[in-house]
Every structure is written in C-alpha cells, then in structure tokens.
Amino acid sequence: MNSAVRAIGRDEGGQLIVLVAVMMLGLVAVVGLVTDGGLVFTQRRDLQNVADAAALAAAMQIDENTYRASGGPTVVLNESNAYSAAVTYLEEEGGLVYSVVVRTDRVEVSVSRQASTGFLRVLGITGFKISASATAEPRHGIAAAMP
C-alpha cells in the first residue's frame, strides 16, 4: 500500500505548471479588460465630443432671411447649410460612419467607429464598435439671467 501512495505522489508533479498557466491566462484577460476598458472609454468620450461639435456647427447655420423678416424672434435653420456644416466637420475627422438629420428646429448627429484595443489583441480581440449621438438647436441673443 505504501508503494502505491508513493507512485501517485510522483505522478502529480507537473500539475502546478498547468494550474499556473491557466491562472496566468486569467490574469492577462483581467489586466487586458481593465487597460483596454479605459482606452475604449476614452475613445468613446472623444467620439462624443466629435458628435457634439458637428451638431453645434450645424446649429449655427440659421436662416438669416427668416430671422430678419420676423424682427428677431423666429430662428430656423438653413437646412442645406446646416447639413453641409455637419458633414464637412465629420469628413475632416475621418474614419466615421455617420448620419445627419436636419430639421428647421434642430440637428441630430449620430456617429460610430471601431475603437482599437491594445492588450486584448493577445486574446484575439482587436476592437469594439463605439457610437455617440448629439442634438443641437439654433439659439440667438442672450438668455435672461435667473437668480
């Protein structure tokens, strides 16, 4: 019986290496998620800034003739100029899939792109799709101050 126990003990010598290899793979995955999660979050925030800026650029394109004819209170967008301003801004950014919807009272911009990863490429994950959207309305004058 003693020799059987010794034989089993000798056969289990390599199990620790297998356990360490599995644990290292899990550790690499967790470090990759943390590192690349921050990277993707930063890229998503930058994409939101692009959507906001494109919508604001379009919202500044008011129809001056309507504005002047009303004496100031009626502000509507010049739809063709607003669309052109948003698309020009988005094209200069490059690498985006976008849609721009212009109405007389607001502009809606949606953008998306592929966010790249760094560390998770080791596991075969090269990127994630990220998207952002923004809406802007034309404004004029100075808003009344509230106490």
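Here, each number is a calculation from the coordinates, and none is a lab measurement. Worth saying up front: this structure is predicted, and the values here are computed from it rather than measured. When we count neighbours, we look across all protein chains shown, and the Cβ atoms used for this are built from the backbone with ideal geometry, even at glycine.
Could you tell me which of rounded, prolate or oblate describes segment 39-96, using a ≥ b ≥ c as the square roots of the eigenvalues of the alpha-carbon gyration tensor, with rounded for a/c under 1.5 and, failing that, prolate when a/b is larger than b/c and oblate otherwise? Judged from the Cα gyration tensor, segment 39-96 comes out prolate (a/c at least 1.5, a/b above b/c). The angle separating the long axis of helix 79-93 from the principal Cα axis of greatest extent in the chain is about 30 degrees. Listed values (i) 30, 19, 15; (ii) 24, 18, 17; (iii) 61, 15, 9 include one computed from this model; for semi-axes √(5λ) of the Cα gyration tensor in Å that value carries the label (iii).
Comparing mean-square fluctuations of ASN49, ASN81, ASN65 from a GNM of the chain with C-alpha springs under 10 Å, the top value falls on ASN65.
Here GLU92 and THR35 are evaluated by their C-beta separation; at R0 = 41 Å the FRET efficiency comes out at 0.85. Contact order, relative form, for the chain: 26 percent (alpha carbon pairs under 8 Å, 6 or more residues apart, mean separation divided by residue count). Counting only alpha carbon atoms, the long axis of helix 2-11 and the longest principal axis of the chain meet at about 30°. Cut-off 19 Å, label point 7 angstrom out along Cα-to-Cβ of GLU79: give me the residues of segment 102-137 whose amide nitrogen falls inside. Those under the cut-off are 102-110, 135-137.
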